[in-house]
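Following: one structure in structure tokens, then a few remarks.
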Amino acid sequence: MDPVAGVRRGRMDRPLTHGLAALFAVCEGTALKRIYVGNLSFNTTKEGLEAAFSEFGQVTNVAIITDRDTGRSRGFAFVEMSDDKAAGDAISALNGKEVDGRTLTVNEARPREDRPGGGEGYRGGRR
């Protein structure tokens, strides 16, 4: 089965094989629970987060979000777990817990909102 079947097509009718659309297409139909983890220390590692969440169930992915220019952590991450109950238990146990000197904010991730603008030259506001 093609993981990007049914995904909107890019230019020249090529399948979109990268970015969030492809990620969601691959995950579609599975029971993955996506968890937002905020207020991370810049010293927190992917392995450390995976270890903390794996105490509650199987972790399928950990993504610490980084600044595209500096490569430094932006202070938040997303963790995906394969079981809703395990994810709920992890959220309850880890929200407000101190890790690497910071009190974590842990909750179910919300879908990303479309934002206006973007692209080259967009500066927002009035001119």
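The values are calculated or read from the model by the stated rules, or taken from the named source; none is laboratory data. Only a predicted model underlies this, so the values are computations on that prediction, with no experimental measurement involved. Please note: Cβ atoms are built from the backbone with ideal geometry, for glycine as well, and neighbour counts cover all protein chains shown. The area values use the complete protein model at the heavy-atom level, side chains included, leaving out ligands, DNA and RNA. Shrake-Rupley method; radii C 1.70, N 1.55, O 1.52, S 1.80 Å.
Looking only at segment 83-127, which residues are at pLDDT 90 or above, part of a loop (DSSP other than H, G, I, E, B) and more than 21 Å from Val59 (Cα to Cα)?
Across segment 83-127, the qualifying residue is only Gly101.
Give me a count of the residues in segment 89-105 that are surrounded by 13 or more Cβ atoms within 10 Å (Cβ to Cβ) and touching a Lys or Arg at 6+ places or on another chain (Cβ under 8 Å).
Count: 1.
Identify all residues within segment 57-72 that are open to solvent by 60 Å² or more (accessible area, probe 1.4 Å) and part of a loop (DSSP other than H, G, I, E, B); write none if there are none.
Matches in segment 57-72: Gln58, Arg68, Asp69, Thr70, Arg72.
Read through the list (1) surrounded by 10 or more Cβ atoms within 10 Å (Cβ to Cβ); (2) within 18 Å of the chain's Cα centre (by Cα); (3) at pLDDT below 95, then give the number of the only condition that Glu80 fails.
(3) is the only condition that Glu80 fails.
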